[in-house]
Amino acid sequence: MARKKSIQKALLPALSFDLHNPYLRQSAALAVVLLGALLSASLFGLVRTDPTDALPKWLRLLLGLGAYVAALAMMLAGFLSLRALIHQHLEVAWRRVVGAEVLFFSLLALAHMPFANARAVAERGEGGGMAGWAIGDLLASNLGRVPASALLVLFALLGAIWLLELDLMALGDWLRDRLPSFQAKSAAPSEPAAVKPERRKSAAPRDKAAEPVIPKVAAPKMSAAKRLRRDKRLPPLDIFRARSKMEIDNALMNERARIIEDTLSSFGIPSRVVDSQQGPTVTQFALEPGYVERRLPDGTTK
């Protein structure tokens, strides 16, 4: 019996999959690209065969119009993963992935909110499909249609913030900088244009050719999205804000001075703290050394 098992083990090699194998991971990414391309071609009517029509049909039933987005996203994700694996620096931004999923399913549920008979729309493969109908019906039956719609819009905005990696602190600072100037412009009363007095021409006009001509270079215009996007590795902007001065606790400083004097005195070193300077991190104490009396062999005290 043991000999038979050893023969089977020698003839049938064990099937093992190493997930850290780069070739296996690249093959999986390539398979995702091909599957996404096949689904996209079937959904857009470029390929018409019985095997290829079955999967897009069920995908339309599940996601509705979101099936087109899912197929294109699958193809794009597989392509980006394959490119990153070839260069061996695959890094998955999970926050953006979760944000894309939250935004996607929130929009699927919102697609069914305007319809009274949302289930029939989902069964025809329209709207957000059965997935969007299930999420929307669950929220609408428990919260009501209007609160459910508001909650889905909130989730969609949250998903968009995670997907685009928007910095809300930088956005608030940008709005705060722009709002006072806008209010000042709107609050300023409209005044009639003042008539500028005519300047008298000088008798001897200046020679314009002798004056140096300084070319004006226009500053590059940056969009608001580029100004708001900051590298996360940079330190926060709060370090430049003014902070309140540190209050010195006199009782605590006196206690620390007493501890220093007692500690040195226990080692036979008389001293006295005469000054102290408290900083943000280190506190400095100025010590005045004392005198140690010693009796010499002749009986005198030094």
With the crude spin-label approximation of a point 7 Å out along Cα→Cβ, what separation in nm comes out for R295 versus R176?
7.3 nm
Region 20-169, Rg to Rh (Cα coordinates; Rh as Kirkwood inverse mean 1/r)
1.04
Mean Cβ-within-10 Å packing, highest first, puts peptides 58-65, 151-158 in the order 58-65, 151-158
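All of the numbers you see were taken from the coordinates with simple rules; none came from a lab. Computed from a predicted model, the values in this text were never measured in an experiment. Here the Cβ is made from the backbone with ideal geometry for all residues, glycine too, and neighbour counts use every protein chain on show.
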